[in-house]
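The structure under discussion appears below in the form of structure tokens.
Since every read-out is calculated from the coordinates, none of them should be taken as a lab result. Keep in mind the model is a prediction, meaning the values are calculated, not measured. Please note: Cβ atoms are built from the backbone with ideal geometry, for glycine as well, and neighbour counts cover all protein chains shown.
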Amino acid sequence: MNVDDAINFDDLRILAKKRLPKIIYDFIEGGVDDEDGLDRNENAFRRRPLMPRYMVDISERDQSQPLFGRQYSSPFGIAPTGGISNYRWGGDLMLAEAAREANIPFIMSGAATASMEDLAKVAPEHGWYQLYVAQDRSISEDMIRRAADLNLSTLVVTVDVPTGSNRERNRRNGFGRPLKLSLASKLDALRRPLWL
């Protein structure tokens, strides 16, 4: 099976599990506290189903919305996805390009592997930057200055992680700060040359 043959998320999970090292697969597939966070997220989407409206003229549709002085094609964008390049090399900038093409905002994660300078080249009018405030105030001030110098239109200050979460799969695999890769994790990665 390849990506074009996948018809649902379970098919994509099978493909990802074959391609990615366990430590990386578990990071994106896992959740916090006995993975209850995953259940809560999935249940939240089940409580808000999309409801079709029949017999409505859809020949002209426009969901564009102004946001921070710019007209975007949709009232939503691409949220920060830290570490995406662990799963798809260059993923940060691919998302920025997709946002530019769709005319929606893209928030580059403060944990991105691409630089905000790269973002400014790829999607200058669609790129927003996520700032996690550093304990050393000069680091945050430098990040804000860089974003302003690059004319990135929006700074997203994130305050959602006051302390590390209990991601059990990560703890078992040594995926944390600092990253501690076991010999088994290293050998597992070597068995997946497409990922490397």
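Dividing the radius of gyration of the alpha carbons in the stretch 66-123 by their Kirkwood radius gives 0.97 for Rg/Rh. Residue order for 188, 36, 62, fewest other beta carbons within 10 angstrom first, comes to 62, 36, 188.
The slack between residue 148 and residue 182, meaning 0.36 nm per residue of separation minus the straight C-alpha distance, is 8.2 nm. Summary value for the chain: 22 percent relative contact order, contacts being C-alpha pairs under 8 angstrom separated by 6+ residues.
Using the Cβ of residue 39 as centre and a radius below 11 Å, the other residues enclosed give a net charge of -3, where K and R count +1 and D and E count -1.
Sites listed here are GluC sites (Glu not before Pro) in the stretch 45-135 whose DSSP assignment is loop and whose Cβ has at most 14 other Cβ atoms within 10 Å: 60, 125.
Considering only beta bridges that DSSP places wholly inside the chain, some 25 percent are antiparallel. Along its principal axes, the chain has C-alpha extents of 55, 52, 32 angstrom, given from the largest down. The Kirkwood radius of the stretch 93-196, taken over pairs of alpha-carbon atoms, gives through the Stokes-Einstein law at 20 °C and 1.002 mPa s a diffusion coefficient of 134 µm² s⁻¹.
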